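Chemist: The structure is given below, and queries will be raised subsequently.
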Amino acid sequence: MTFERHSDSPIEPGTAAESAAAQWLVRIDAGDMEQSDWPVFEAWLDEDAAHRQAMARFETLWEKLDSLSQLRDRADGSSAIDIHADGPQAEPVSTYRPRPIIRRPQFAFAAIAAVALALVMLVALPFGATEYRTDIGERLVVTLDDASVVELNTDSHIEVAFSSGERRIELLNGEVYFQVAHDAERPFIVETPAGHVRAVGTAFSIFVDGAEADVTVTEGEVEIIPERSDAADAGSRPPVVVAITAGQAAALRGGRAEELTLAPEAVERQLAWRDGMLDFDGETVEEVVEVIGRYTETEIVIADDAIRDLRVGGRLQAGDIDGALALLETAFPIRVERRGDEVLLSGYGGG
């Protein structure tokens, strides 16, 4: 079993992402954001992972600089003034919530200098992602820097990028089980092509198949924000947040999350791969072939439509393709024919 580490994707200082992040942060801190600006800001964040990384890094640096400013206030005996306290403001429609920053008005122009300083500091503070992946038939258990544990199933790929404000993981493909260490100050966010999953301290699994994803929660609660396929719609309305708890699942399809409550034994069967097993209870032959096919490079072809919907039950060793084929052949009217690297399944008298 192997895994790879890569740290070759730092945010380079002076990029367009950094420039835009600096401008957004200045506007947010100064209270210059209009109601209509927040959807544009959200769309910019979701446009590219580099945008979110740049924004998180600048916010962290901004807070450090602000702390220094407050210490100077205390030293010279002056009082801090909240620049947001001039009057009532509409609540912005946004999932991004920077921490309130307290700064004296005379330091307003110093904000621009702070951003410039942050750009310089990025040279000494590289920001990179760590990558973990498994090959076909492999599993991997990794303990992250925050003590969270992730388990990667066969043919899975994640990228981990932690900052002081959040813990972000991109699940590119495959199936992963997350046991999240509790940290209320740093939400745990998993990005998938089908949407984002947000947690603080909980346990859940995600299976990504192309542009779709399935989420199952075993402990605690997670929030899911489905990825909208319509960019115009994504910018015109606030994100739809779906919350599911232990024993529940959600299927992310076409920008929507379909919720489902599972029996405890169904959850156990679904996660049997963590023990190196595959557990079937009434799945069709087509569904079984799809699952076992993830554990082998051998192509399994159903050559007879008459057997596709036959129901299958049994517990198998994950990756034991011969055992799975033997089960189909002995317990059902299915013929298994090997042709080089391909296996054909058909019914007797069919195909």
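The values are calculated or read from the model by the stated rules, or taken from the named source; none is laboratory data. All values derive from a computational prediction rather than experimental measurement. Ideal geometry is used to build each Cβ from the backbone, glycine not excepted, and the neighbour counts take in all protein chains shown. Note: areas computed on protein heavy atoms with side chains; ligands, DNA, RNA excluded. Shrake-Rupley method; radii C 1.70, N 1.55, O 1.52, S 1.80 Å.
Chemist: Being without any contact (Cβ under 8 Å) to a residue 40 or more places away in the chain and out of contact with any Phe, Trp or Tyr (no Cβ under 7 Å at 6 or more places or on another chain) is the filter here, so list the residues in the range 322-333 that pass it.
Modeler: If the condition is that a residue be without any contact (Cβ under 8 Å) to a residue 40 or more places away in the chain and out of contact with any Phe, Trp or Tyr (no Cβ under 7 Å at 6 or more places or on another chain), then Asp322, Gly323, Leu325, Ala326, Leu327, Glu329, Thr330, Ala331 are the ones that fit.
Chemist: Further question: State the number of residues belonging to the range 162-176 that are within 11 Å of the chain's Cα centre (by Cα), under 14 Å from Ala129 (Cα atoms) and either free of Cβ contacts under 8 Å to residues at least 40 places away in the same chain or open to solvent by less than 20 Å² (accessible area, probe 1.4 Å) (or both).
Modeler: Of the residues in that region, 4 qualify.
Chemist: Let me ask another. Considering only residues of the range 178-190 that are in contact (Cβ under 8 Å) with a residue 24 or more places away in the chain and surrounded by 21 or more Cβ atoms within 10 Å (Cβ to Cβ), which is nearest to Glu151 (Cα to Cα)?
Modeler: Within the range 178-190, the match that is nearest to Glu151 (Cα to Cα) is Phe178.
Chemist: Considering only the range 334-348, state which residues are open to solvent by 40 Å² or more (accessible area, probe 1.4 Å) and either modelled with pLDDT of 90 or more or part of a strand (DSSP E or B) (or both).
Modeler: Arg335, Glu337, Arg338, Arg339, Glu342
Chemist: Let me ask something else. Restricting attention to the range 179-228, which residues are assigned to a loop (DSSP other than H, G, I, E, B) and of a type in the set (Asp, Glu)?
Modeler: Residues satisfying the conditions are Asp183, Glu185, Glu227.
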